[in-house]
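The values are calculated or read from the model by the stated rules, or taken from the named source; none is laboratory data. Bear in mind the structure is a predicted one, so any value in this text is a computation, not a measurement. As a convention, Cβ positions derive from the backbone with ideal geometry for all residues, glycine included, and neighbour counts pool all protein chains shown. Just the protein is used for accessible areas: all its heavy atoms, side chains included, with ligands, DNA and RNA removed. Shrake-Rupley method; radii C 1.70, N 1.55, O 1.52, S 1.80 Å.
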Amino acid sequence: MNFPLKKTLIAVSLLTATACAFATSVNGVAISQQRIDAITRMMEAQGQKSTPEMAQMVKDQLITAEILRQEAVKKGLDKSADYLAEIENAKAMALANRLIKEHLRTNPVTDAQARAEYDKVKAEFPERKSFDASHILVKTEAEAKSVIEALKKGKPFAQLAKEKSLDPGSKDNGGNLGWNEPGTFVAPFSEAMVKLAKGQVTAIPVKTDFGFHVIKLNDVKVEAAPPLEALRPQLEQRIQSQRVEALIKSLKASAKVQ
């Protein structure tokens, strides 16, 4: 009584295994689930989200490709020298990429290696300073000297800027120019600004093509290197690239190329 049941269970198991191995077929030629999965993984690696719709799209593409492949074989295109060369190149590139992936998988980047690479990058990171400055722009040197004297007597810089400055972009804001790097300004202005200490005002007027400036340095900030975790993906990629280059160099050195 149990024998037919066992045969049924075996048959169901075989059908299930076959369904897993072959997603569909075209004119009797199977398209395996492994082929669908391989393309899906490639698309996921490119940032696309895996969805049932994407899986169906991949399946449809492979079905279309198989239909076209079969028609090409009927026409004998699979025997052409160009096609055979393309296949050999594709095989070589696929295996080369697989070797590189395996090499990187078996040689993961450690925290210590990432830290060491970060220290190198940090040492190379250029120091960048930004300056928060205010200015009062007037037409003549005499006017600028008058502003400096008023400041010495205690008149607020912001008030003088609103009253005297010819710069419409900053006067209503107390002469404040916001945060900028020195290169933002013309040379005489930036050269005078970077020499000031925080809170200091230029002792003599600064002449530019715009007129005469009285400059106040409000603050300075130094841009440091980003933290390790912020750069970790780039650091790991940099180390991996170095390892791939070293692997290729080693293999080339031992290969006999004629």
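Odds and ends about this structure:
- Span per principal axis, largest first, for the Cα atoms of the chain (Å): 111, 52, 47
- Surface exposure of segment 203-258, expressed per residue as accessible area with a 1.4 Å probe, stands at 70 Å².
- Gap separating the Cα centres of segment 146-188 and segment 193-230, nearest whole Å: 12 Å
- Carbon plus sulfur fraction of accessible area for segment 123-250, probe 1.4 Å, in percent: 52 percent
- Solvent-accessible area of segment 20-59 (1.4 angstrom probe, protein heavy atoms only): carbon and sulfur portion equals 55 percent.
- Heavy-atom surface of segment 53-137, accessible at 1.4 Å and reported per residue (Å²): 71 Å²
- For segment 36-103, applying the loop criterion from DSSP together with a ceiling of 13 other beta carbons within 10 Å to the trypsin sites (Lys or Arg not before Pro) yields Lys49, Lys75.
- 3J(HN,Hα) along segment 120-125: 5, 5, 4, 5, 8, 5 Hz, from the Karplus curve 6.51 cos²θ - 1.76 cosθ + 1.60 with θ = phi - 60°, whole Hz, x for Gly and Pro.
- Among Asn173, Asn107, Asn27, the largest mean-square fluctuation in a Gaussian network model of the chain, built with springs joining Cα atoms closer than 10 Å, belongs to Asn27.
- Links that overshoot a 31 Å alpha carbon limit, given the list Lys129/Lys249; Lys49/Lys129; Lys162/Lys221; Lys91/Lys256; Lys49/Lys122; Lys122/Lys171: Lys129/Lys249; Lys49/Lys129; Lys49/Lys122; Lys122/Lys171
- In plain terms, the bigger the Kirkwood radius, the slower the diffusion; for segment 179-258, with that radius from Cα pairs, at 25 °C and 0.890 mPa s, Stokes-Einstein puts D at 140 µm²/s.
- Cα-based reach from Lys120 at 17 Å (exclusive), listing lysines while leaving out same-chain residues under 8 positions away: none
- Charge tally in the Cβ shell below 14 Å around Gln34, where Lys, Arg are +1 and Asp, Glu are -1, Gln34 excluded: +2
- In this rough spin-label picture, where each label sits 7 Å from Cα along the Cβ direction, the Glu245-Thr184 distance is 3.7 nm.
- Contour minus Cα-Cα distance for Met42 and Asn173 (0.36 nm per residue): 41.7 nm
- Comparing Ser25, Ser190, Ser170 in a Gaussian network model of the chain where C-alpha atoms under 10 Å apart are linked, the largest mean-square fluctuation is found at Ser25.
- Candidates per GluC sites (Glu not before Pro) in segment 72-143, loop by DSSP, up to 16 other Cβ within 10 Å: Glu127
- Computed helical MRE - 222 nm, the chain, DSSP H runs ≥ 4 contributing -39500 (n - 2.57), nearest 500: -19500 deg cm²/dmol
- Segment 107-217, relative contact order in percent, only Cα pairs under 8 angstrom and at least six apart counted: 33 percent
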